[in-house]
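Read the figures in this text as sums done on the coordinates, not as results from a lab. Everything quoted here is computed from the prediction, not taken from an experiment. Here the Cβ positions follow ideal geometry from the backbone for every residue, glycine too, while neighbour counts run over all protein chains shown.
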Amino acid sequence: MKRLKHRSAQSGASDHAGRKGARPLRSVLASLCAVAMSLGMASASVAAFADDRQPAATADPQAATASAGNVDAPQHTKRISKNDDGTYTLSMDVTGKSDESTEQQVVPLDIALVLDVSGSMNELSGKLVYNEVELLSMNPISTYYVEKDGSYQAVRCSAISWGRCTTWQDQDSAGQKYTVTYNWIGGPSASVSPDVQFYKSKQSEETRLDALKDAVTYFLDQVEDQNQRINDPGKKVQVALIKYAGKNSDKIGNDTYNEDGYNYNYSQTVHSLAWTPEDLQKEQAAVNSLKAGGATRADFGLQHAVKQLNSGRPGAQKLTVFYSDGSPTSSDGFEAKIANNAIKAAAQLKNDHSQVISIGAMPGADPSGTDNANKFMNYVSSNYPKAQSMSEPHDRVEGTYYYAVSARTDLQTIFKEIISIVTSGTAYQDVTMTDTLSDYVEFSKPNAQNFDAELVIRDKDGKKVDPSEVGLTDYTIAQPGSKTISISFPQGYVLKDGYTYSLEYKIVPSAKAYEEYAANVNAGKNGYGDTKGDDDTGASSARQSGFRSNERATIDYTPRVDGEQQGPVEGTEYPHPVIQVDTTQFARLSIDKAWIATNPEQDKVTVDVTCMDTDGKCTGYSDIDISKSSNWTSTVLIPKAAADRTYTVTERPVDGFHTHYTKPITIPANTAGEYSSTVTNYPAAISFNLNQIRVGKTVQGTDTDQDFTFTLSPVTAEGVTNADGTPFTDATLTLGDRFANGTQVTGTFADTSIKLATPQLGADAMYTFNVRENAPSPSAGWAADMDAVTVTVTVHVPTEGDTIPTGVTYRYGVNDTDDTESNKDLAAFTNHWIAVSQLPFTGEQGATPLAWLAVAGGLGALAVLSAVGISAWRRRHML
């Protein structure tokens, strides 16, 4: 048939996204690429030797690898799994995306085109055609179009001057404006800025059958062109042509029958599977001779597809393209029986590994439609791979296999995309995978050849296969570095489609992993920091906390598109799995915090744990908080090590407190277990009240109201201060009560606190003071007690408890007559009153005899004294 000469509508993402039944071009592209992935069609084609063909279009070219001709990287990942022996298996994978064999030939592809030739195919296709229009002929009230990004977008007049439109505005793409300038000098003319061609649309006279013929003819042209690039006849693409409308016929051909004066199409195979240029040309001729007439026996059409594809080549890829412009019926209106039979036939195709693409051209065609016709088109397609009937569709899968034709999405566009998938192939060769482990892991067998790494190949069902089954007879595993492993496949070797090649090796966490985990946990952080495993890296890794297993892992490869080798791609990154440490391999040092004789105001203290081994290089831990909220305890994780280690706990200074430690902890080599250490704090000084020091005063020989004063002076000055921290000098006590002859009066120094430094835990500190009586005032008649009494205050720090006790003891001089049992708990002093009869004649107490006589009552006593008596008086002493 003739090719169309006019510009036909092309769908676009921006202008018809919301129109029912229409699918924007980008959506179609993306969907069909998804189909390609499912079918393996992108790799089903050809190791041909093309000259100027381009790779098949991708839905998102920017996401493809630019250096590889817009070819995506092969599927590759890294996974990690934990073993029962404490090791991890790390797997560096690549999955083949090619149907090429090791001889660089394609897997054969068999296609069944199942075409609706019912009477409704004579109706107009609804395609729009766009004709150029001159600026001067444009009517301001009309809608016109501009061609943009492969589609036509509507513009309308937004400004008028003198009956002419001066501004046309794009209605669908952020309001692009086009300014028209009119010139009436020298004849009317007009120009537009920016420069653009305007179009006016109209509906094409093309019927649905015309559109189908045009699309299928193009499709067969491209298959023939592709087959010319395939050397092996057994690998060329085959196509069967099937029509369906009325009665069924097993005869091969394009036959009709007459009923009630009307000609109807048989449902039959027009041409069996064929690939030769002659056969494909016959199929094109048969397509062009098709005429519309009959019902829509979709079941017959799909049943013929089953026969054709079942008779195809063993192992061939299979694709069914099912086109319909109406509901399945034997006359008019949807018939469930025919629909169910068609779905059953489609199920046979799917079970025989054929993907089914359905194309709906009926009014209201919409892949998301919920009416019976649209449901049927969905259930027939591979959108529902397990559908058995209209009432048993089962679950829908990902992907898009049902497409709707509309005025905005013409049939030829869809067939162009199908052929671009069918006739293009991508394979990957010259693959090298390299993994360099991170500092957090080590090979579990570092001394084994190639670290004991091995190549494991699995088929599409996950079953292990021998490398020879995929044509791999030679490959190289190497260890370029102490922590690097790699595998390289022979030059020119192509990965087999759907097979996963895994370089597997066992690893364990390194000493650094254990040390860093412990340091993080001991500092109150997540043991692994913020690091998490990438997606699809294994159950213990994906989005789980851990240390990265690899510093950098890459895959190098060379894509081959349509049989032609592209430029090499190097350094494509693998995802990062993570590994966890074994927490049973840690010793646990419990650090307990004890407080003696106080409730601390602070909520926490901070300690450091230092380490010492024979090499002096082991790691300690800093900034470990022990808090009230954790009941004053904290646990430090310590990894096993090959040598004995000794850990010492040191507390950061706490103002006003002494610190006592238990002895350092020694952890034997290669040992875990539970250990404990206690840090005890107690006040650096305690308050001592001077009212705990008692003084007793006795007068002999008389009663008196006279006051007597006493002074307390420190003998041990170091560690003794006033409450404000200034040096303590002395304290004074005055006893002023009425004294009765021979009766002791007691008292204490003032209710005043001084500070006494505390000794080491479990030890005593002794502080010595002297208590002396000050000379009486007036002193006449008194023999004052000038002895000093030593007072000792003992401070004892217990190993635990709520108080730090103090004790007071008194020590008298050797000849001090106050040193009696009754005075052992105080400092006792005794003063004596001297009677006249006991006065000395001269010299005693610094007075003359005349002075003493005067005091005693007059000079008359002197006359009765004899020389002997005077001598005796002089010898007497005041006690």
* Hz values of 3J(HN,Hα) by residue in the range 362-377 - Karplus curve (6.51, -1.76, 1.60), Gly and Pro given as x -> 7, x, x, 4, 7, x, 9, x, 10, 6, 4, 4, 6, 4, 4, 5
* Asked: Where does the range 685-833 land on the Kirkwood hydrodynamic radius, alpha-carbon pairs, in angstrom?
  -> 16.3
* To do: Sort out for me the Cα centre separation of the range 323-394 from the range 654-669, rounded to whole Å.
  => 80
* Rg(Cα)/(2.2 N^0.38 Å) for the range 694-781, N = residue count -> 1.37
* Sequence-distant residues sharing a close amide H with I693 (under 5 Å, placed H) -> F749
* Within the set K460/K506; K235/K460; K97/K483; K628/K755; K82/K496; K247/K337, which residue pairs have Cα atoms separated by over 20 Å? -> K460/K506; K235/K460; K97/K483; K628/K755; K82/K496
* **Residue-by-residue Karplus 3J(HN,Hα) for the range 697-708, coefficients 6.51, -1.76, 1.60, Hz, glycine and proline x** => 10, 10, 10, 10, x, 5, 8, 7, 9, 5, 8, 10
* To do: Order these peptides, 364-375, 550-561, by their mean beta-carbon neighbour count within 10 angstrom, highest first.
  => 550-561, 364-375
* Structure fact -> Taking 731-739, 345-353 and ranking on average Cβ neighbours within 10 Å, highest first, one gets 345-353, 731-739
* To do: Apply the Karplus parameterisation 6.51 cos²θ - 1.76 cosθ + 1.60, with θ equal to phi minus 60°, to every residue of the range 150-158 and state each ³J(HN,Hα) to the nearest whole Hz, in sequence, with x for glycine and proline.
  => x, 9, 9, 10, 6, 10, 9, 6, 10
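Between Q565 and T752, 0.36 nm times their residue separation minus their Cα-Cα distance comes to what?
Net length gain for the segment: 57.4 nm.
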* Which whole-number percent is the relative contact order of the range 685-833 (Cα, under 8 Å, 6+ apart)? -> 30
* Taking the DSSP beta bridges in the range 147-280 as the whole, what percent of them are antiparallel, to the nearest 5? -> 95
* Cβ-Cβ FRET estimate between S822 and S687, R0 fixed at 41 Å, reported to 0.05 -> 0.85
* Structure fact -> Assertion target for V180, V380, V356, ordered by fewest C-beta neighbours within 10 angstrom first, is V180, V356, V380
* Asked: At D474 and T583, where each label point lies 7 Å from the Cα along Cα→Cβ, what is the point-to-point distance in nanometres?
  -> 5.2
* Structure fact -> Per the rule of 0.36 nm per residue minus the C-alpha distance, extending N599 to E398 adds in nm 65.7 nm
* **Relative contact order computed over the range 294-452 (Cα-Cα under 8 Å; 6+ residues apart), in percent** => 18
* To do: Between T610 and T809, take the C-beta separation as r, use R0 = 56 Å, and let me know the FRET efficiency to the nearest 0.05.
  => 0.85
* So how much slack lies between L455 and D556, counting 0.36 nm per residue of separation and subtracting their Cα-Cα distance, in nm? -> 34.7 nm
* **Cut-off under 5 Å, modelled amide H: who pairs with D439 long-range** => none
* With a point put 7 Å past each Cα toward its Cβ, work out how far K663 is from D625 in nm, to one decimal. => 3.4
* What spacing in nm lies between the two simple spin-label points modelled at A159 and D764, each 7 Å away from Cα in the Cβ direction? -> 10.8
* What residues have an amide H closer than 5 Å to that of Y493, excluding those fewer than 5 places away on the same chain, when H is modeled at 1.01 Å from N in the peptide plane? -> D430
* **At R0 = 45 Å, FRET efficiency that the Cβ-Cβ distance of Q281 and D466 yields, to 0.05** => 0.50
* Structure fact -> Projected convex hull area of the range 128-203, Cα atoms, direction-averaged, in nm², equals 5.2
